[in-house]
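Have a look at the structure below, then the notes.
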Amino acid sequence: MENNLFYNHVEKNDINSPVIEQIEQYSVEHPEEQIYLITSPLGDKYTYPYENNVVVILSPRHKIIFLDIKGDEDEFDEYYEDFLEDLSSISDKFEYKEHIGRPRKWRRELTVQETYNKDISIADLVSNHKLPKDSKRKCELLISLLIGSINDIDKVGVKTPDTLLEKVKKNIILFDGEQTRFIYKKFPKKTVTIQGLSGTGKTELLLHKLKELYTATDDSKIFFTCHNIALANTLKDRIPEFFNFMKVEKQIEWNKRLFVDRAWGSERDKNSGLYSYICDFYGIQFRRYGWTVNYQKIFSEALEFIDNIDKEEFEYAFDYILIDERQDFPKVLFDLCEKVARHKVYVAGDVFQDIFDNANEEELEVDVILNKCYRTDPRTLMFSHAIGMGLFEDIKYNWLTDKQWEAIGYSIIRTNSDVCFYRDPIRRFEELEIDNVQSMFIEEYKNKDQVIDIINKIIKDNPSATPDDFAIIMLDNNKAIYNYIDDLGYKVLEKLNWEINRAFDTKSKKTETLFVSNKNNVKGLEFPFVICIASKIQNSYSFRNSLYTMLTRSFIQSYLLVKDTQGLDVHRKGLDIINNEKCIKSVEPSDKEKQQIRSTIIKLQQTPNISYKEFLSRIFTELKIPKKYRSKFERALIDTDIEKFDTDTTVEFINDNRKYFCK
């Protein structure tokens, strides 16, 4: 099995093949070891005359090993000196030098020159060059420079932090093997697709790919698109910041070389969307959104039009197209992009955007799978998946195929009907000694003082914690939560002297305030500590998905506080197994039960192309509910755990309550 922490950027030749093959085998036998093989710094155009005769081994916790294969001492020394000189230059460029010093201070401590012979043991070679604890951090910073995984040195620093919060906040981020492969490897296919769970760094990788493409030439034309305006605007803001951080010297030529906007756009402005630009470029009639006009229709019509253009008259609209949020688009968009892009189309998405989006086998056939979530502790992620899908319970809400489980990062071991799901540890946490620090708590909710006590306990363990490090999320969907939040706000001000940010009003994070929200304003955000509060563990699909999503907003600890403890013991037992055995333990459904699960999910996903209000209005009309009573039903339905757009259950609820509400 291939180790997705391993990345080889060295092209094999007659000289280096035996060495590389030994290292590849070592990586398979040591899947916990992160290893990169290079001959020059990645991302910059450095070349050396002797590089085909050398392999440079990068592995956190070890010295940087320069391995001479040919055995020409003079040439090897010159290569080594040139390499370190260029590394020093990169360190200076990203302002690392003032923190880690010049090479004369760290070359002996952090690098070593070795000569290869056929009897050499790669395991011994690596083992012989382990670093002491106080040198590891500095070496990781050098590795981050060499692979282009640049960290904000002023934030992470060189000194090893003391508290868990500071260790996580100041952890040095290194691309894993799959992430590095996406950025630097040349793929033979024209369309390159990456799939990853939320928190795996998909958008960040697209930004790195954009930087590589934009800086490679002076005239490439690139369109970066996504589904909605809000994300497009966020990207427009992030790209200049990212380019500045990455020290990109080329100026961004907006709407000339680089276009960033939503997929549809406006007829009045050709630069307002990918579709608008393509229509203007090829002379296609623009279609406005309507009941029968959707992505499938507009992109199909555009592709058909372009397919009919004479080959001698055809021109490419762009050199490259990048697409975020793949799951929001039909396949025909990717076919269209491949047609109008000269070189490559890069597509990133999450086909498991919620835990009930069961991707088909075709959707899983991608070039790069990012199944390591670097935001959330693996134990919290496992518990969130399990409680969301009902894996601890007799009746499951979802069950994936083996290929789907593997796509979201699980390995599977079966014993009769019992199934254990395991996740590999991730580098963000594996060195932080967190096994004795619980990442997930589930408790009976008692009162508001309990919330304050949890915050105070966290502050005691992490004295540098600030209001910004916490989020309190209300999982219920009723008006009572807003009165509760007001009361909690007074309590927080009284006990902690903190202001709260009512995110359902502000729609954003605010510095130096405690983030408090319903479940609708947290997407895309992350916090060190998250406290979720619910009246009970509801049995609706929408609640279970919200529960999964909210618990995984944390990157250190999540708390789930539940008022009604009925059925809570089964989840506590499941969490104990996760903590003690590092796996989810479940009972596999029968084939008949799996079919029922799939049928229910398919039915729920057949949502009408209308708003929920319009959906209810049609039912009210069919049931002849007078208009003056409809708002009562609407409020009541929102407060229940009935799935939206579930016609049968909604009709049943209205008929059962007609005599109470219509008076």
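The values are calculated or read from the model by the stated rules, or taken from the named source; none is laboratory data. This is a predicted model, so every value here is computed, not measured. Cβ sites come from the backbone with ideal geometry, for glycine too, and all protein chains shown count toward neighbours. Areas reflect the complete protein model, heavy atoms only, side chains present, ligands, DNA and RNA absent. Shrake-Rupley method; radii C 1.70, N 1.55, O 1.52, S 1.80 Å.
Heavy atoms only, 1.4 Å probe, whole protein assembly: order Lys236, Lys659, Lys311 by accessible area, highest first.
The residues order as Lys311, Lys659, Lys236, largest area first.
Ranked highest first by the average count of other Cβ atoms within 10 Å around their residues, in what order do 49-59, 373-383, 507-517, 128-138 fall?
On the way: 49-59: 20.1, 373-383: 24.1, 507-517: 16.7, 128-138: 14.8.
Ranked from most to least packed, the peptides come out as 373-383, 49-59, 507-517, 128-138.
Does the stretch 171-241 come out rounded, prolate or oblate, given a ≥ b ≥ c as the square roots of the eigenvalues of its C-alpha gyration tensor, rounded meaning a/c under 1.5 and, failing that, prolate meaning a/b above b/c?
On the way: a/c = 1.40, a/b = 1.06, b/c = 1.32.
In terms of gyration-tensor shape, rounded.
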- Task: Determine the shape class of the stretch 266-336: with a ≥ b ≥ c the square roots of the Cα gyration tensor eigenvalues, call it rounded for a/c under 1.5, and otherwise prolate if a/b is greater than b/c, oblate otherwise.
- Result: rounded
- Item | Estimated dipole of the chain in Debye, rounded to 20 [Cβ of Lys and Arg +1, of Asp and Glu -1, Cα centre] | 3080 debye
- Message: Helix-only mean residue ellipticity at 222 nm, the chain, DSSP H runs n ≥ 4 weighted -39,500 (n - 2.57), per residue, nearest 500. What is it?
- Response: -13000 deg cm²/dmol
- If one compares the long axis through the Cα atoms of helix 591-605 with the longest principal axis of the Cα atoms of the chain, the angle in degrees, nearest 10, works out at 80 degrees
- Per 10 Å bin, what percent of the C-alpha pairs of the stretch 20-61 does each bin hold, from zero upward? 25, 48, 25, 3
- Task: In debye, nearest 20, what is the charge dipole magnitude of the stretch 538-663 about its Cα centre with +1 on Lys and Arg Cβ and -1 on Asp and Glu Cβ, if you could check?
- Result: 600 debye
- Message: Can you compute the radius of gyration and Dmax for the stretch 440-494, using only the Cα atoms, both in Å?
- Response: 12.2, 35
- Do any of Lys45/Lys190; Lys403/Lys510; Lys573/Lys613; Lys519/Lys603; Lys105/Lys209; Lys133/Lys448 go past 31 Å between their Cα atoms, and which? Lys403/Lys510; Lys573/Lys613; Lys105/Lys209; Lys133/Lys448
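May I have the convex hull volume per residue, in Å³, for the Cα set of the stretch 108-221?
Details: hull volume 23.1 nm³, N = 114.
Here the figure is 203 Å³ per residue.
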- Task: Report the full-extension gain for the segment Thr115 to Asp335: residue separation times 0.36 nm, less the Cα-Cα distance, to one decimal in nm.
- Result: 74.2 nm
- Task: Specify which labelled value, from (1) 23.7, 73; (2) 30.3, 115; (3) 27.4, 96, agrees with Rg and Dmax of the Cα atoms in Å derived from the coordinates of the model shown.
- Result: (3)
- Item | Options Leu197, Gln25, Asn233, ranked by Cα towards positive dipole end of the chain, top entry (Cβ charges) | Asn233
- Write down the percent of antiparallel bridges among all DSSP beta bridges whose residues are both part of the chain, to the nearest 5. 25 percent
- Across 10 Å bins from the origin, how do the percents of Cα pairs in the stretch 536-630 run, short distances first? 11, 27, 31, 21, 9, 2
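Over all distinct Cα pairs, what is the inverse of the mean 1/r for the stretch 390-512, reported as the Kirkwood hydrodynamic radius in Å?
Its Kirkwood hydrodynamic radius stands at 18.6 Å.
The stretch 96-163: Rg/Rh from Cα coordinates, Kirkwood Rh? List each step's numbers first, then the result.
Working: Rg = 14.3 Å, Rh = 13.8 Å.
Result for the stretch 96-163 is an Rg/Rh of 1.03.
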- Message: Using a 1.4 Å probe on the protein heavy atoms only, what accessible surface does Ser220 show? Give it in Å² to the nearest 10.
- Response: 10 Å²
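Given Cα pairs under 8 Å that are at least 6 residues apart, what percent is the relative contact order of the stretch 236-295?
18 percent
Rolling a 1.4 Å sphere over the protein heavy atoms, what is the accessible area per residue of the stretch 469-624, to the nearest Å²?
49 Å²
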- Ignoring everything but the protein chains, give the 1.4 Å probe accessible area of Met389 in square angstrom, nearest 10. 0 Å²
- Item | Cys with no candidate disulfide partner in the chain (beta-carbon separation under 4.7 Å rule) | Cys139, Cys226, Cys279, Cys337, Cys373, Cys532, Cys662
- Item | Paramagnetic label zone (point 7 Å from Cα along Cα-to-C-beta, Asp328; backbone N under 17 Å) in the stretch 215-257 | 223-239
- As a Kirkwood estimate from alpha-carbon pairs, the stretch 200-321 has a hydrodynamic radius in angstrom of 15.6 Å
- Task: Give, as a single signed number, the net charge of other residues whose beta carbon lies under 15 Å from the beta carbon of Gly157, with Lys and Arg counted +1 and Asp and Glu -1.
- Result: +1
- Message: What does the C-alpha gyration tensor say about the overall shape of the stretch 501-544? Classify as rounded when a/c is under 1.5, otherwise prolate if a/b is larger than b/c, or oblate.
- Response: prolate
- Task: May I ask for the distance between the Cα centers of the stretch 221-263 and the stretch 524-542, given as a whole number of Å?
- Result: 33 Å
- Item | Accessible area per residue in Å² at 1.4 Å probe, computed on the stretch 152-289 | 46 Å²
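What pairs from Lys170/Lys585; Lys250/Lys331; Lys185/Lys585; Lys221/Lys311 go past 27 Å between their alpha carbons?
Lys170/Lys585; Lys250/Lys331; Lys185/Lys585
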- Alpha carbon centroid spacing (whole Å) that separates the stretch 303-321 from the stretch 152-214: 34 Å
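What is the magnitude of the charge dipole of the stretch 179-307 about its Cα centre, with +1 placed on the Cβ of each Lys and Arg, -1 on the Cβ of each Asp and Glu, and no other charges, expressed in debye to the nearest 20?
Values: 21 positive and 15 negative charges, 81 e Å.
I would put it at about 380 debye.
Taking 0.36 nm per intervening residue step and subtracting the Cα-Cα distance, what contour gain separates Asn128 from Cys662 on full extension? Can you show the working numbers first?
Numbers: separation 534, 0.36 × 534 = 192.24 nm, distance 8.05 nm.
Once the chain is fully extended between Asn128 and Cys662, it gains 184.2 nm.
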- How many Å² of accessible area per residue for the stretch 1-128, probe 1.4 Å? 50 Å²
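Just the number, please: carbon plus sulfur as a percent of the accessible area of the chain, 1.4 Å probe, no ligands or DNA/RNA counted.
On the way: 14060 of 31600 Å².
For the chain, the apolar C and S fraction of the accessible surface comes to 45 percent.
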- Message: Please enumerate, by chain and number, the aspartates and glutamates with C-alpha under 18 Å from the C-alpha of Lys159, excluding those fewer than 8 residues away in the same chain.
- Response: Glu95, Glu98, Glu109, Asp134, Glu140, Glu431, Glu433
- Counting pairs of alpha carbon atoms under 8 Å apart in space and at least six apart in sequence, what relative contact order in percent does the chain give? 11 percent
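Once you have the Cα-Cα distance between Gln296 and Asp453, take 0.36 nm times their residue separation minus that, and quote the gain in nm to one decimal. Walk me through the intermediate numbers first.
On the way: separation 157, 0.36 × 157 = 56.52 nm, distance 5.22 nm.
Contour length minus Cα-Cα distance gives 51.3 nm.
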- Listed residues Leu146, Val56, Asn128: farthest to the positive end of the dipole of the stretch 45-198 (Cβ charges): Leu146
